[in-house]
Amino acid sequence: PFHDARFDLVEAQGTLENVRDQEQAVAEAYRVMEAGGRLHVSAANRFSLGPAPHLGLPAGGLVPDRLAAAYARWRGALPPQRRLLSFGALAALLRRGGFERRRYSVPSIPETQRRSRGLLLRTAATGYEAARRFPLLHQLLLLIGPTLIATAEKPERRTLGGREPPRHDRRSAS
């Protein structure tokens, strides 16, 4: 385990949906982060209409775990051990973890990647990129887009809005 307040940046790319205790993982990030430090999170979206990250099944995050496991076995794969997050669940997780200045986004699709696809996927990706630029459509993409990106900061001050910051278990998240 790392010492308290050791890092100014913690990255969790595709991590939270693969840990047993998401609350403990966020608490551990908070613990090892110095005041004013940043957390960067990228997570597969539970309510994405795109293919599930572990199975490739369209809208696979909407499929109940039991059916997803059956589908995986039918395809000769191991059933995913997933805990996919929705936008609301990720926002609540970071809020409960004591993080401030939380910002949420969806990833861009680079032009070179869009050009390399067939007409249907290229058209869909171009529409997605256009939607990212409009606030209302951007909010919709946070609900159903394939990936959620979050940045959040550990407060500089010792209190959060006049109350004590959350107390986190000091044990390692191993």
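The values are calculated or read from the model by the stated rules, or taken from the named source; none is laboratory data. It should be emphasised that the depicted structure is a prediction, and the values quoted were computed from it without experimental measurement. Neighbour counts are summed over all protein chains in view; Cβ atoms, including those assigned to glycine, are modelled from backbone coordinates with ideal geometry. Heavy atoms of the whole protein, side chains included, go into the accessibility calculation; ligands, DNA and RNA do not. Shrake-Rupley method; radii C 1.70, N 1.55, O 1.52, S 1.80 Å.
Scanning the range 19-67 for residues that are within 15 Å of residue 2 (Cβ to Cβ) and of a type in the set (Asp, Glu), we see that the one that is least open to solvent (accessible area, probe 1.4 Å) is 28.
If you go through the range 92-114 and keep only what is aromatic (Phe, Trp, Tyr) and touching a residue at least 60 places away in the same chain (Cβ under 8 Å), you end up with just 99.
Per-residue answers, yes or no, for (1) under 24 Å from residue 145 (Cα atoms); (2) not charged (D, E, K, R):
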site	(1), (2)
2	no, yes
8	no, no
15	yes, yes
22	yes, yes
49	yes, yes
55	yes, yes
59	yes, yes
66	yes, no
72	yes, yes
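Selection of the range 108-154 for residues being among the polar types (S, T, N, Q) and within 30 Å of residue 33 (Cα to Cα) yields 108, 139, 147, 151. Does any residue of the range 92-100 turn out to be surrounded by fewer than 12 Cβ atoms within 10 Å (Cβ to Cβ), at pLDDT 95 or above, in contact with an Asp or Glu (Cβ under 8 Å, 6 or more places away or on another chain) and within 20 Å of residue 153 (Cα to Cα)? For the range 92-100, residues surrounded by fewer than 12 Cβ atoms within 10 Å (Cβ to Cβ), at pLDDT 95 or above, in contact with an Asp or Glu (Cβ under 8 Å, 6 or more places away or on another chain) and within 20 Å of residue 153 (Cα to Cα): absent.
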